[in-house]
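J.: So that we are looking at the same thing, I have put the structure below in structure tokens.
The values are calculated or read from the model by the stated rules, or taken from the named source; none is laboratory data. As the structure is a computational prediction, the values presented were derived from the model and not from experiment. No Cβ is skipped: glycine too gets one built from the backbone with ideal geometry, and neighbour counts run over all protein chains shown. Only protein heavy atoms, including side chains, enter the accessible area calculation; ligands, DNA and RNA are left aside. Shrake-Rupley method; radii C 1.70, N 1.55, O 1.52, S 1.80 Å.
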Amino acid sequence: MGPNSLMEYSGNGMILYVTMALIVLGGLGFVVWFDLIDGIKKSLRQKIGFSGMVARFSEHTKLVLSITAALILLGTLGIFILEYDNPATIGNMPLGEKLLNSLFQSITFRTAGFAAIPQDALREVSCVLGNVLMFIGGSPVGTAGGIKTVTAVLFLMNGLSYIRGQKETVIFHRSVSGEMMRKAAAVVMVSLITAILLLILLMSTGDISLNDGMYEVISAISTVGLSRNLTASLNVAGRIVIIIAMFLGRIGPISMAFFFTSEKKRKNTIRHAEGLFYVG
């Protein structure tokens, strides 16, 4: 589309809405696709209403659709409020275009990397919001990067369950196994440590601000593709760091998911006595 991504079409609703639809569909995951198609077919065949069709969806589909909608809404409101009077982004746009571009920015943060407004003109607080959305990414078994929406929810719910004193984590009236919670914690831990190490390496290659460097690394490791015009100015060492980040971001989550979900698990044959440790 040229050197400016979709910036020339920031006022073209047709192009932006079609692009957003494709981004969201690609980020839902194939499991959700199949469940939605199967549910719609059965509902039409058996003449079941909308509420009955939704009730038949799996808990995974319900969770993915719910968290996807919530993240899109929160991201849109965040960008709209934070960039409302920023003349370099959406400040000079009519109200309708402000909402449109806020929605597009919220969705593109999650996986796509298309830009309808200049990324280097975003306020720092907007970049922080973008880093969070990019780090979460799309949903499992799809084309998106990031730690995945379900992983983020399970990681969060694990902490909330402990704070509330609950013995199990329940989502949509279904309990989540302890093994699944440990998988989510492991994915978050590995991804976060990797991002921090790569950020340190990138910033050590030149005079790079924390905000720009973090935006570049999180975007690369989450396979988003957004940049605050930093990529072209990186030296050889910096570009190698970003190459590594993109490579790990593409194969890392997939490899970790395969490893953590493998049925071939090591059986612990030795049980140790419990030790006394203090946390917090």
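J.: Going through segment 210-247 one residue at a time, which ones are open to solvent by less than 20 Å² (accessible area, probe 1.4 Å), assigned to a helix (DSSP H, G or I), in contact (Cβ under 8 Å) with a residue 40 or more places away in the chain and over 14 Å from Ser191 (Cβ atoms)?
T.: If the condition is that a residue be open to solvent by less than 20 Å² (accessible area, probe 1.4 Å), assigned to a helix (DSSP H, G or I), in contact (Cβ under 8 Å) with a residue 40 or more places away in the chain and over 14 Å from Ser191 (Cβ atoms), then Tyr215, Val241, Ile242 are the ones that fit.
J.: Sort out which residues of segment 177-209 are assigned to a helix (DSSP H, G or I), small (Gly, Ala, Ser) and touching a residue at least 12 places away in the same chain (Cβ under 8 Å), and write them in order of number.
T.: Start the filter on segment 177-209 by keeping residues that are assigned to a helix (DSSP H, G or I), which leaves 178-203.
Now narrow it down to the ones that are small (Gly, Ala, Ser): 178, 184-186, 191, 195.
Of everything in segment 177-209, those that are assigned to a helix (DSSP H, G or I), small (Gly, Ala, Ser) and touching a residue at least 12 places away in the same chain (Cβ under 8 Å) turn out to be Ala184, Ala185, Ala186, Ser191, Ala195.
J.: Give segment 140-176 a look and list any residue that's open to solvent by less than 60 Å² (accessible area, probe 1.4 Å), polar (S, T, N, Q) and not in a strand (DSSP E or B), or say none.
T.: Scanning segment 140-176 gives Thr149, Thr151, Ser161.
For (1) surrounded by fewer than 16 Cβ atoms within 10 Å (Cβ to Cβ); (2) in contact (Cβ under 8 Å) with a residue 24 or more places away in the chain; (3) among the aromatic types (Phe, Trp, Tyr), each residue gets a yes or a no:
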| site | (1), (2), (3) |
| --- | --- |
| Ser5 | no, yes, no |
| Gly11 | yes, yes, no |
| Met14 | yes, no, no |
| Val18 | yes, no, no |
| Ala21 | yes, no, no |
| Gly39 | no, no, no |
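J.: Step by step: first the residues of segment 110-139, then only those that are of a type in the set (Ser, Thr, Tyr) and in a loop (DSSP other than H, G, I, E, B), then the one that is nearest to Lys98 (Cα to Cα). Which residue is that?
T.: Step one: of segment 110-139, the residues of a type in the set (Ser, Thr, Tyr) are 111, 126, 139.
Subset that is in a loop (DSSP other than H, G, I, E, B): 111, 139.
Values: Thr111: 21, Ser139: 27 Å.
Only one residue fits best here, namely Thr111.
J.: A further question follows. Looking at (1) more than 19 Å from Leu65 (Cβ to Cβ); (2) buried (at least 19 other Cβ atoms within 10 Å of the Cβ), which is the only condition Val125 fails?
T.: Evaluating Val125 over (1) more than 19 Å from Leu65 (Cβ to Cβ); (2) buried (at least 19 other Cβ atoms within 10 Å of the Cβ) leaves (2) as the failure.
J.: Scan segment 26-45 and give yes if some residue there is among the hydroxyl-bearing types (Ser, Thr, Tyr), part of a helix (DSSP H, G or I) and either in contact with a strand residue (DSSP E or B) (Cβ under 7 Å, 6 or more places away or on another chain) or modelled with pLDDT of 95 or more (or both), otherwise no. First the steps, then the outcome.
T.: Step one: list which residues in segment 26-45 are among the hydroxyl-bearing types (Ser, Thr, Tyr), which gives 43.
Then drop every residue that is not part of a helix (DSSP H, G or I), which leaves 43.
Right, trim to either in contact with a strand residue (DSSP E or B) (Cβ under 7 Å, 6 or more places away or on another chain) or modelled with pLDDT of 95 or more (or both) and you get none.
No, that holds for no residue.
J.: Here is a further query. Looking only at segment 67-100, count every residue that is closer than 19 Å to Leu129 by Cα and either crowded, with 18+ Cβ neighbours inside 10 Å or within 20 Å of the chain's Cα centre (by Cα) (or both) and tell me the total.
T.: 20
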